[in-house]
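The values are calculated or read from the model by the stated rules, or taken from the named source; none is laboratory data. On a predicted model such as this, the values are computed, not experimentally measured, just so you know. Neighbour counts run over all protein chains shown; Cβ positions are idealised from the backbone, glycine included. Accessible surface is based on the protein model in full, side chains and every heavy atom, while ligands, DNA and RNA are left aside. Shrake-Rupley method; radii C 1.70, N 1.55, O 1.52, S 1.80 Å.
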Amino acid sequence: MTRILFVCLGNICRSPAAEAVLRQKALARGAALEIASAGTGGWHQGDGADARMIVAAARRGYSLDAHRARQVLFSDFYEFDYLLAMDMRNRADLLDMAPPDRDCDIRLFLDFAGGATRETPDPYYGGPEGFERVLDLLEAGAEGFLSHLAGDAPAR
Ligand code: 4NP
């Protein structure tokens, strides 16, 4: 089974939403995946997802109710096949932390979407439209990533 860890900064907005979107789309395609998420920062450890993201995701049928934030662990670099970063900073932080014998691919999630947008922008300090934009990007990313896993779409 392919194991996927989504990574953002706080693990309360983007990566929990990515986790929920991919889980639902994988289920619809019958793809067996283990999916989790974490943050490079630990300020929100143990918190639920951001209330604004819970509401925006629920409107599209994704539940973030059970989410609890956690920070990236050293063991994640061995226990997951893909560490999928939301933005360049998340990816750079992961590459800085990564042990030399890591056993995972560290990638920008949206590079699987096939579009020009490579980063999922942080919606935390913005308005409600930012959360919708994140969900639009994550849905495209999830479709592209599942096609990549199925072997029918090249990734950047
Ligand atoms: P996330 O959003 O990385 O998508 O979960 C953020 C959440 C919290 C903070 C920054 C970004 N923060 O600074 O607390």
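Given a 1.4 Å probe and the protein chains as shown, residue 75 ends up with an accessible area of around 40 Å². Here is the list for the range 60-114: chymotrypsin sites (Phe, Trp or Tyr not before Pro) lying in DSSP coil, each with at most 15 other C-beta atoms within 10 angstrom of its C-beta, are 74. Estimated at 0.36 nm per residue, the fully extended path between residue 2 and residue 31 surpasses their Cα-Cα distance by 9.5 nm.
Residue 34 contributes an accessible area of around 90 Å² to the protein surface, as traced by a 1.4 Å probe with all chains present.
Determine the equivalent ellipsoid of the chain by diagonalising the alpha-carbon gyration tensor, then write out the semi-axes as square roots of 5 times the eigenvalues, largest first, rounded to whole Å.
Semi-axes, largest first: 21, 19, 15 Å.
Scanning the chain for long hydrophobic helices, with DSSP H runs required to stretch 18 angstrom or more by C-alpha along their axis and to average at least -1.0 on the Kyte-Doolittle scale, returns 14-29, 128-150. Surface composition of the chain: carbon plus sulfur atoms contribute 52% of the solvent-accessible area (1.4 Å probe, protein chains only, all chains present).
Averaged per residue, the chain has 47 square angstrom of accessible surface, using a 1.4 angstrom probe with ligands and nucleic acids left out. In this simple spin-label approximation, residue 58 and residue 43 carry label points 7 Å from Cα along the Cα→Cβ vector, and these lie 2.5 nm apart. Helical content alone sets the calculated 222 nm signal of the chain at -12500 deg cm²/dmol, taking -39,500 (n - 2.57) per DSSP H segment of four or more residues and averaging over every residue. Extension gain, residue 101 to residue 74: 0.36 nm times the residue separation minus the Cα-Cα distance gives 8.6 nm.
In terms of accessible area, using a 1.4 Å probe and ignoring ligands and nucleic acids, 70, 14 rank largest first as 70, 14.
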